[in-house]
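*Asks:* Let me give you the structure first, and then I'll get to my questions.
Bear in mind that the values in this text are calculations on the coordinates, not laboratory data. Every value quoted in this text rests on a predicted model; they were computed, and no experiment measured them. Note that each Cβ is placed from the backbone with ideal geometry, even for glycine, and that neighbours are counted across all protein chains shown.
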């Protein structure tokens, strides 16, 4: 389905140098702080509010990562001024807000396709951000290690050991074929999805509080196909109508979803923005096999609104796992 897709997953191992307090859903906090630091380190025209129209837009690391435009000549881009960003922040576990001095504070980062070329920039920004401080009170943290890992096989290797060390290359990456192989190990008639961070899914402008499987597939196809198109050399032609018809044969058999509402601070807009999303579990039953690789990939790149900020992160619950 997405044979060109390639993802790189990283664990960011941090340690609190003083007490750290984060908001309940800290992905937006981390992403916003990273973006402002990334821009300060890379932007050559910092007085501009937007990248559009800048003479360096096509060669600027900040524009490519945080204000990307659709590839020139790419099909199916009408109505979309911006492509999804080629990354997703994995925030610290929900519910963990207070970190005493000396404790580990781990997060993560997923880079999509060519977005992995900007890993050194992310790590430079991460190191600067750690020194400047995060959370309420701007508490200092130290970057101890960044590790590349494969979420399906467990393979891992360090790529960075912190300040003044080189960034190592790694051959660890997640491909579509890896997702297909992992899907073959899962039950093919039922699947339980646990939304780990608030997830806001929309179909036709309507926010879904209990997404049926066709709606989930629509959202996944939309996001993954654009990521493949923008950063992985293009997406294979798909018969979307046929896939949605297949998905209609899969039903909800259990649901324990809860809607969450909160406010997040926007570094760029310098204001608080209302946010909403669902958390909890939902179980689907039916002929799931053709969709399981897509569902697995979605758990890595996130889904729905503000996916790059860490929202829309979910996992497929493995029986007995």
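*Asks:* Hull surface divided by four, with the convex hull built on the Cα atoms of segment 6-175: how many nm²? Display every interim value, and only then the final one.
*Replies:* Details: hull surface 45.4 nm².
Its Cα hull, projected and averaged over all orientations, spans 11.3 nm².
*Asks:* A further question follows. Please state, rounded to one decimal and in Å, the Kirkwood hydrodynamic radius that the chain gives when every pair of distinct Cα atoms enters the mean of 1/r. Intermediate results must be reported in sequence, preceding the final value.
*Replies:* Working: mean 1/r = 0.0491 Å⁻¹.
20.4 Å is the Kirkwood radius here.
*Asks:* Using the alpha-carbon atoms, what tilt in degrees (0 to 90, nearest 10) does helix 292-301 show relative to the longest principal axis of the chain?
*Replies:* It works out to around 20 degrees.
*Asks:* Fewest Cβ neighbours within 10 Å first, please rank 225, 156 accordingly. List each step's numbers first, then the result.
*Replies:* Working: 225 20, 156 16.
Taking fewest neighbouring Cβ atoms as first place, the list is 156, 225.
*Asks:* Let me check the size of segment 176-317 from its C-alpha atoms; what are the radius of gyration and Dmax in Å?
*Replies:* 15.3, 47
*Asks:* What number, rounded to the nearest 500 deg cm²/dmol, is the helix-based mean residue ellipticity at 222 nm of the chain, given -39500 (n - 2.57) per DSSP H run of at least four residues and division by all its residues?
*Replies:* Working: 7 runs with 81 residues, N = 321.
That comes out to -8000 deg cm²/dmol.
*Asks:* Taking only Cα atoms, what is the 0 to 90° angle, nearest 10, from helix 27-42's long axis to the longest principal axis of the chain?
*Replies:* Value to nearest ten degrees: 50.
*Asks:* Seen from all sides and averaged, what is the projected area of the convex hull of the Cα atoms in segment 81-151, in nm²?
*Replies:* On the way: hull surface 26.0 nm².
Result: 6.5 nm².
*Asks:* I've got another one for you. For the chain, take the longest principal axis of its alpha carbons; what is the angle in degrees between that and the long axis of helix 119-132, to the nearest 10 within 0 to 90?
*Replies:* In the chain, helix 119-132 runs at an angle near 50 degrees to the longest axis.
*Asks:* Given the options 16, 148, 136, which has the most mean-square fluctuation in a GNM of the chain, springs set between C-alpha atoms less than 10 angstrom apart?
*Replies:* Among 16, 148, 136, the largest mean-square fluctuation in the Gaussian network model of the chain belongs to 136.
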